[in-house]
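Here is the structure we will look at, set down as structure tokens.
Please treat every number below as a calculation from the coordinates, not as lab data. Computed from a predicted model, the values in this text were never measured in an experiment. Glycine gets a Cβ as well: all are built from the backbone with ideal geometry, and neighbour counts include every protein chain shown.
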Amino acid sequence: MTKYNLVKNAAGRMVPTEINGKTLVPFMGIGNYRPTGRKYAPPIATCADYPSDGNKLIPSLKEALIKSGLKNGMTISTHHHFRNGDLVAQQIFDIAFELDIKDLVWFPSASFECHSTLIKYLEDGTIHHIEGSMNGALGKFTTEGKMKGVGVLRSHGGRYQAVQDGDVHIDIAVIAAPTADTFGNATGDRGPTACGLLGFALADSQYADKVIIVSDNLVPFPCVPWQIHGNNVDYVVNIDKIGIPEKIVSGTTEITKSPDRLLLAEMTAQFCEEAGIVKDGFSFQAGAGGTALSIGTYFADACREKGIKARFARGGSNKYLVKMLEEGLTDYILDGQTFDLEGVRSMRENPGHLNTSPFTSYNYHGKGNFSSMVDVVILGATEVDVNYNANVVSHSDGYLLHGIGGWQNCLFSKCTILPIPLFRDRIPVIKDEVTTICGPGELIDVIVTERGIAINPLRKDLIEKLKNSTLPIKTIEQLKEEGEKICGVPDKPKFTDEVVAIVKWVDGTVIDTVWKIDK
Amino acid sequence: MDKIASAGNKGKGIRSDCFVSIEITKNSGLEIQLESKVKVLYGESIKKLVHEIFSFFGITNAKVIIEDFGALPFVLAARIEAAIKQLINTEKEFLTAFLEENKYQTTRERNRISRLYLPGNTPPLMINAGVHKPDGIILDLEDAVAPAKKGEARFLVRNALRSLDFYGVERMVRINQVPKGLEDLDYIIPHNVNLILIPKAESADQIIQVENKIKEIQNKKGINHPVWYMPIIESSLGVLKSLEIAQSSKNIVAMAIGLEDYTADLGTKRTLEATESFFARCQVVNACRAAGIQPIDSVFSDVADMEGLKQNVLKSKSIGFDGMGCIHPRQIKVIHDNYAPDNDEIEKAKKIVNAFIEATEKGLGVVSLGTKMIDPPVVKRAQKLIDLAINTGKLSKNWREIENDKV
């Protein structure tokens, strides 16, 4: 077993100083780590090496991978715009297995349940480890210590930062594209597997040594709009099917029918109203979950009633946001990923529906980003502690089950609200200490539960504004006690001292460690 | 070999519940097999509870299999006890903690605009019911519980009355039809149920039977505070006898109509226009008013149709009902908002009440508003409407002071 040199970081967590042969910087507090040096860059290419007729078409993905120099230990990246309907990642590793390639690093922008079929390649050593997210079965596999290397979890913005800063060197980027031309220009907003945009693949196209576009809908040059520039692309491959359209639209993008979640949404909307957030020209971001979507519709109702409109809504776009845009209740949608076909249509047709990327919205090592400019963001969490630290990657039983997504990046908004049930089945959500810290408490402002709302004591302004509210404002300690009174005080999971994954903060430092579960 | 007893629910989609099977054995001690989605966090605590319950009932040798889907302790305890009592005969009851928060009484006059029906054997629907703030929560032992589950539901309802926080809403139980429903009372009367719904009421005698059984239990347990009744009229005989039923006990505070069974009894179909039940509803309203109790309307069964519900409430209010049942928490707000007086009604009532108070202060016998004389019943109705507006949060309690300050 590997011995780790552990240090205590600024969040009070023990983190390793080196994993997978790479040196790490422990979390130093928000904004305290100052990067130096220059951005990373891919090798300089020359047109002399590329066909002057612009045709980069290669007969198969296998040939494209071989031509890209696929070999042991390389880092292969993919994007997750096809969500649970991705058919490309699997093919890459099938080919690698066939070619007897070992120790690859898979660097997806997120993984989904459909990727649990890759476990066999983690077991046989085709894949050494994953840097991205480890959801569902992959999370279980990782937490049980079965992955050869140590997993790395990053936010969407943190992924862009890691590529830009050279923390991650992508050898081959494979970008599945719903529509493309043979030069490599590509877009996600049209074609049989349209997914809206391709923003998560932007960094990959800019920084990878080799870039392969895989499409099932080639059009004659030019493919417009070119969300991905063909000038960054080495090879283009045409295959039968790159994704399953009905799974690209995720099931989580319907408004909740659960009365308990609707109550959370209603309370959150009332909170925003009383805090004076819902005013002309405001901006908001609501995630993909049913509760967050419902809050969006409450905002729309409020705008209609008051005769006001939002300046912009950050998406995850969906039919509800599109309706707001088309009804004139928001000037713009700044879209980071499209959750349903209405979102895809709107992005294609409506100039107010803008294509954004982790670079514009989330990258912390840039000259500002959009996420900090949003008035209010509604997010989820698996756990929150009495210091408002929150967890989104693991469950209270210690198992890694979710990715970070844009969650960490969104915490920088002017008001971060987590509407969460006080307990799920029997599991209390508010604890003394979260299993894994993903976000420091100082960035988390309000916890809304069905049994009470806690405002972070740092937000004296919000406390003052809600002073005479009819909402049940309580302390976070009161909420914790209430949850434990109903459920009982839970035991803690037992871990070994083996590191199975690390969680990066938005600046690339290590905020927490995921330990192997002791079964 | 002893038989195996079981209780609880399992299968796809089951949450906050568990399935327990128990076999009494000869001398192997207590053998516990636990499968639980919260095993890491609560495995030890669940096993401790099992030991506690078995030792309480004096059982030392048994094989216990628990499939747990995140059940709260009061649910686990109810399931285990329900299974044990299929195997042994005992008077003993394993009672979970009685929350201080649940030891309140309700008044005869309180609002009963909304009352939320919850199936008595379905824990996940119970747990958050109180936070949705209906006026009352009904734990249903009757139609919402499958015949084979009636026995175990009693333990669950009993434990819920003790250990689940109702957040101040009126605590109601619908018992089974008399005479079977009389047995339900043993499980609920000692645990501070506020109101009993008596289904398919067709005679004063049924109510008296319930009342006598309640008195018997109360005397045995030394309980003094009243338990209210709400008979439900669900048949043509019930409709025709509604006055007799409404007047059968002083503890009747409200009477409801159940239209699904009633229309079936009539041999007709329930429609949105509700012409078929117009007579029955008017009859029940009149019987209630004559007896001085609250008339309560039937549930509206399409939980997705909020506009239909609203129209239904407005019609119900215009006939004279004070409230109705609901089968989904989303219906509560629509029901409250639309039984509550609207702004025009409140404004008119305020003027009348003001005129009355001013006339009284001046010692005038006749109340007038502008050029119109106002009869005493009009004043009374206005005062009632103001009270309702205050109770439903549409008007401040101190509205006269606030408005006089403005002047």
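Using only Cα atoms, find the angle between the long axis of helix A:88-98 and the longest principal axis of chain A, and express it within 0 to 90 degrees, rounded to the nearest 10. For A:88-98 against chain A, the angle is about 50 degrees. Global dimensions of the range A:251-493 from alpha-carbon coordinates: Rg and Dmax equal 17.4, 53 Å. By the Cα gyration tensor, the range B:4-84 has an equivalent ellipsoid whose semi-axes, rounded to whole angstrom, run 20, 13, 11 from largest to smallest.
Applying a DSSP loop filter and a limit of 15 other Cβ atoms within 10 Å to the chymotrypsin sites (Phe, Trp or Tyr not before Pro) in the range B:59-129 leaves B:98, B:104. The mean sequence separation of alpha-carbon pairs under 8 Å and at least six residues apart, normalised by the residue count of chain A, gives a relative contact order of 16 percent.
Computed over the alpha carbons of the range B:100-339, Rg followed by Dmax gives 16.6, 49 Å. Counting neighbouring Cβ atoms within 10 Å and putting the fewest first, the residues B:288, A:114 line up as A:114, B:288.
Among the trypsin sites (Lys or Arg not before Pro) within the range B:49-92, those in coil by DSSP and having at most 12 neighbouring Cβ atoms inside 10 Å are B:92.
Taken residue by residue and averaged, Cβ atoms of other chains lying within 10 Å of the Cβ of B:35-41 number 6. With N the number of residues in chain A, Rg(Cα) / (2.2 N^0.38 Å) evaluates to 0.95.
Quick check: Cα centre of the range A:89-107 to Cα centre of the range A:324-381, how many Å? Here the two parts' Cα centres lie 34 Å apart. With the largest listed first and rounded to whole Å, the semi-axes of the equivalent ellipsoid of the range A:340-387 from the Cα gyration tensor are 27, 18, 10.
Enter the angle in degrees (range 0 to 90, nearest 10) between the Cα long axis of helix B:39-56 and the first principal axis of the Cα atoms of chain B, meaning the one along which they spread out most. The answer is roughly 80 degrees.
Report relative contact order for the range B:343-406 in percent, whole number only (criteria: Cα-Cα under 8 Å, sequence separation at least 6). Working shown, then result.
Numbers: 38 pairs, mean separation 20.5, N = 64.
Value for the range B:343-406: 32 percent.
The lysines within cross-link reach of residue B:269, meaning a Cα-to-Cα straight distance under 19 Å and a gap of 8 or more places when in the same chain, are B:200, B:315. Placing +1 on the Cβ of every Lys and Arg and -1 on the Cβ of every Asp and Glu, with no other charges, gives chain B a dipole of roughly 360 debye about its Cα centre.
With the biggest extent put first, the Cα atoms of the range A:250-306 measure 32, 21, 17 Å across the principal axes. Find, to one decimal place in angstroms, the Kirkwood hydrodynamic radius of the protein assembly as shown, where the mean of 1/r is taken over every pair of different Cα atoms and then inverted. This gives a value of 31.2 Å.
Taking the Cα centre of chain A as the origin and placing charges on Cβ (Lys, Arg +1; Asp, Glu -1), which of A:299, A:475, A:369 is farthest toward the positive end of the dipole? Most positive-ward Cα: A:475.
How large is the dipole of the range B:343-406 about the Cα centre if only Lys and Arg carry +1 and Asp and Glu carry -1, each at its Cβ, rounded to the nearest 20 debye?
Numbers: 12 positive and 10 negative charges, 28 e Å.
Computed about the Cα centre, the dipole is about 140 debye.
A convex hull fitted to the Cα coordinates of the range A:380-421 yields 77 cubic angstrom per residue. Once the Cα atoms are used to define both axes, helix B:278-291 deviates from the longest principal axis of chain B by about 80 degrees. The radius of gyration of the Cα set in the range B:1-142, together with its Dmax, comes out at 17.3, 58 angstrom.
Across the options A:235, A:283, A:42, the greatest Cα extent toward the positive end of the charge dipole of the protein assembly as shown (unit charges at beta carbon of Lys, Arg, Asp, Glu) belongs to A:283.
Given R0 = 51 Å, the distance between the Cβ atoms of residue A:304 and residue B:60 translates into a calculated FRET efficiency of 0.15.
Note on the range A:387-519: Rg/Rh from Cα positions, Kirkwood definition for Rh, rounded to two decimals, is 0.98. Have a look at B:244, B:100, B:67 and tell me which one the Gaussian network model of chain B (Cα, springs below 10 Å) gives the largest fluctuation. Highest fluctuation of the listed residues: B:100. If you wrap the range B:343-406 in the convex hull of its Cα atoms and look at it from every side, the mean projected area works out to 4.5 nm².
Of all the options B:268, B:371, B:360, the one that moves most in a Gaussian network model of chain B with Cα springs shorter than 10 angstrom is B:371.
As an equivalent ellipsoid, the range A:55-248 spans semi-axes of 25, 17, 16 angstrom, where each value is the square root of five times an eigenvalue of the C-alpha gyration tensor, largest first. Using the Cβ-Cβ distance between residue A:349 and residue A:311 with R0 set to 25 Å, the FRET efficiency works out to roughly 0.75. Averaged over the residues of B:119-132, the number of partner chain Cβ atoms lying within 10 Å of the residue Cβ comes to 3. Counting 0.36 nm for each residue step from residue B:305 to residue B:225 and taking away their Cα separation leaves a gain of 24.8 nm. Here the relative contact order of the range B:100-339, from alpha carbon pairs under 8 Å that lie six or more residues apart, stands at 19 percent. For the residue pairs A:102/A:210; B:10/B:103; A:241/A:504; A:323/A:465, the alpha carbons lie more than 23 Å apart in B:10/B:103; A:241/A:504; A:323/A:465. For the range B:372-402, trypsin sites (Lys or Arg not before Pro) are listed when DSSP marks them as loop and at most 11 other Cβ atoms sit within 10 Å of their Cβ; the list is B:397. Using a simple charge model, +1 on the beta-carbon of Lys and Arg, -1 on the beta-carbon of Asp and Glu, nothing else, what dipole does the range B:4-84 show about its Cα centre, in debye to the nearest 20? The dipole magnitude comes to about 160 debye. Selection among A:30, A:84, A:316 by position relative to the dipole of chain A gives A:30 as farthest towards the positive end (Cβ unit charges, Cα centre). Placing pseudo-labels 7 Å out from each Cα toward the beta carbon at residue A:489 and residue B:342 gives an inter-label distance of 5.5 nm.
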